[in-house]
Structures are given as structure tokens and as C-alpha cells.
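We did not get these values from a lab; they are worked out from the coordinates using the rules stated. A quick note: this is a predicted structure, and the numbers were derived from the prediction, not measured. Here the Cβ is made from the backbone with ideal geometry for all residues, glycine too, and neighbour counts use every protein chain on show.
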Amino acid sequence: MILLTLDPSSTVIGYCISTGPGRLLDAGKIKSSKSDAYARLSIMMPDLIKLIEQHKPDAALVETPAPQQGQRKATSGQAIYGVAVGMVLNELQRRGIAVHRTRADEWTNRVPKLSRQRWIAQRYRGHGYAIKDDKGGDVSDAIGLADWWWARQGVMK
């Protein structure tokens, strides 16, 4: 089984392609240099489509927005984040890929991002992952999301 995990935002989409726990086929980020959020999304989506066509995943797991602690209303950044997640989900479903979703606060168990990055850097040292190349933690979160999913499926013993 080929699993695609995605950590989407309006600026970058972190991704991981895996076939089991610790078995990375590919990981990286899709990004755009455009300043307008909607322009960035329109540029990133074709790159996501290429990734899907190249790896032909059987299933995808997408990180979706989690409620922000102590916030009374959504910010404009959260709104465009929701648009980005919606575009990703729509494309996956349109292609007939089995789509699963999880909130960031569910899969991370609120472990700080830097701690997650360090764990991924240690676990995937031989795969060329480096924290210095992943300042936003987008790639490490996509990889961590894959590990979490495989563990939830009962395949990590």
C-alpha cells in the first residue's frame, strides 16, 4: 500500500510518500514564491497533481485545522488555511483516492514542533531529512503524520 500524507497550508504543502512504518519513498514540500495566497495555491495544486500521478497513492491522510486554544474567532490566516485544506481534499477525492483526515492536535498530542522535528531527524537520518532544510517543520510533520497513521493501523510492532 502506498500512503500519501499531507500537511497543507497556504504557503507550502509538506508531503510524505510511504509504504509502511519507517519506509519512506519520498518526502518534501511543494511551495510557491508568489505573495498572494490564492496565487500560491493555484501554483501549488498542479505540483500536487504531479506528485499524485507519479506515486499513485492508494490512500491519503491530510492534516486538517484544529481549534486554536483561547481564540474567540478565526483569523484571516486560518481562513486561507481552510481554503488550502479544502482544495487538497477536493483534488484527492476527485481522483478517487481514499482520503482520511486528522486534526493537528490529535496526531501530535500537542508535542511541540521542534521536538517532533528532532525526533524525525533522528529516525530518518539516512533519508536525507535535515531540520535546517525544514524551518517550518512541514516535511517533518508530513513524515510524522505517516508514522502516526501506520501506528494507528496496528502495523508498528
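Taking amide H as placed 1.01 Å from N in the peptide plane, the amide H of A98 sits under 5 Å from that of A60, each at least 5 places away or on another chain.
In the list (1) 12.7; (2) 9.3; (3) 15.4, the label attached to mean projected area of the Cα convex hull in nm² as derived from the coordinates here is (2).
Compute a Gaussian network model of the chain, connecting alpha carbons closer than 10 Å, and tell me which residue from G28, G126, G96 fluctuates the most. Highest fluctuation of the listed residues: G126. Under DSSP H, which helices of the chain have Cα atoms covering 18 Å or more of the helix axis and a Kyte-Doolittle average no less than -0.5? Going by DSSP H runs, the hits are 37-55, 76-94, 138-152. Just checking the listed ones, D26, D36, D138: in the Gaussian network model of the chain with Cα springs under 10 Å, the one fluctuating most is D36. The stretch between I43 and A98, if pulled fully straight at 0.36 nm per residue, gains 17.4 nm over its current Cα-Cα span.
Pull out a ≥ b ≥ c, the square roots of the eigenvalues of the alpha-carbon gyration tensor of the stretch 106-157, then state rounded if a/c is under 1.5, prolate if not and a/b is larger than b/c, and oblate in the remaining case. Verdict is oblate for the stretch 106-157.
Each Lys and Arg Cβ is given +1 and each Asp and Glu Cβ -1; about its Cα centre, the stretch 3-152 then shows a dipole of about 300 debye. Taking amide H as placed 1.01 Å from N in the peptide plane, the amide H of G136 sits under 5 Å from none that are at least 5 places away or on another chain. Working from label points 7 Å from Cα in the Cα-to-Cβ sense, the R123 to E91 distance is 2.5 nm.
Filter the trypsin sites (Lys or Arg not before Pro) in the stretch 84-148 down to the DSSP loop ones having no more than 10 other Cβ atoms within 10 Å, then list what survives. Within the stretch 84-148, the qualifying trypsin sites (Lys or Arg not before Pro) (loop, at most 10 other Cβ atoms within 10 Å) are R110, K135. Only helices enter this figure: runs of n ≥ 4 DSSP H residues, each worth -39500 (n - 2.57), summed and divided by the residues of the chain, yield -14000 deg cm²/dmol at 222 nm to the nearest 500.
Of all DSSP beta bridges confined to the chain, the antiparallel ones make up roughly 60%.
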